[in-house]
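Have a look at the structure below before the remarks.
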Amino acid sequence: QVQVRESGGGVVQPWGSLRLSCVPSERSSRTYGMGWFRQPPGKEREFVAAISWASGGTTYQNSLKGRFTISRDNSINTVYLQMTNVQPEDTATYYCAAGQHGLARREDNYDYWGQGTQVTVSS
């Protein structure tokens, strides 16, 4: 069973920055694609960004492109989500997910999920 672990959440002030990290327990065809999703309080979970280990190709939720950047470090099996100029509406539980499909934007394309890390944007 693949495990996915996120870290890096916390409280950040508006216009600040925060970097989340995600490490899957294996790099294999089962974790070919990695994605970040978020669930704001009282709302549905939504797609944030995705990346392919092999090519480094990325895709984003359109409204977040430019403020959020997904990247990966193959040498340490880690995927990052760099968030800049954060706003209160970015407050959410952020989930990392892994699956066989590269650059997937749908939740059902991911088989393995982390427990989530809380990001709170507040002054």
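Miscellaneous remarks
- Candidates Pro88, Pro14, Pro41: whichever shows maximal mean-square fluctuation once the chain is modelled as a Gaussian network with Cα springs under 10 Å: Pro41
- When exposed loop sites are taken as GluC sites (Glu not before Pro) in a DSSP loop with at most 16 other Cβ atoms within 10 Å, the longest stretch of the chain clear of them is 45-123.
- Most mobile of Ser63, Ser29, Ser75 in a GNM of the chain (Cα contacts under 10 Å): Ser75
- Choice from Val79, Val12, Val23 showing the highest fluctuation, given a GNM over the chain with Cα pairs closer than 10 Å: Val12
- Across region 32-123, C-alpha contacts under 8 Å between residues 6 or more apart give a mean separation that, scaled by the residue count, equals a relative contact order of 32 percent.
- Scoring 66-74, 31-39, 110-118 by mean Cβ neighbours within 10 Å over their residues and listing the highest first yields 31-39, 110-118, 66-74.
- Here the Kirkwood formula, the inverse mean of 1/r across different C-alpha pairs, assigns the chain a hydrodynamic radius of 14.1 Å.
- Summary value for region 1-58: 24 percent relative contact order, contacts being C-alpha pairs under 8 angstrom separated by 6+ residues.
No value in this document is a laboratory result; all are computed from the given coordinates. Because the structure is predicted, anything quoted here is derived from the model rather than measured. Note that we place each Cβ from the backbone using ideal geometry, even for glycine, and neighbour counts take in every protein chain shown.
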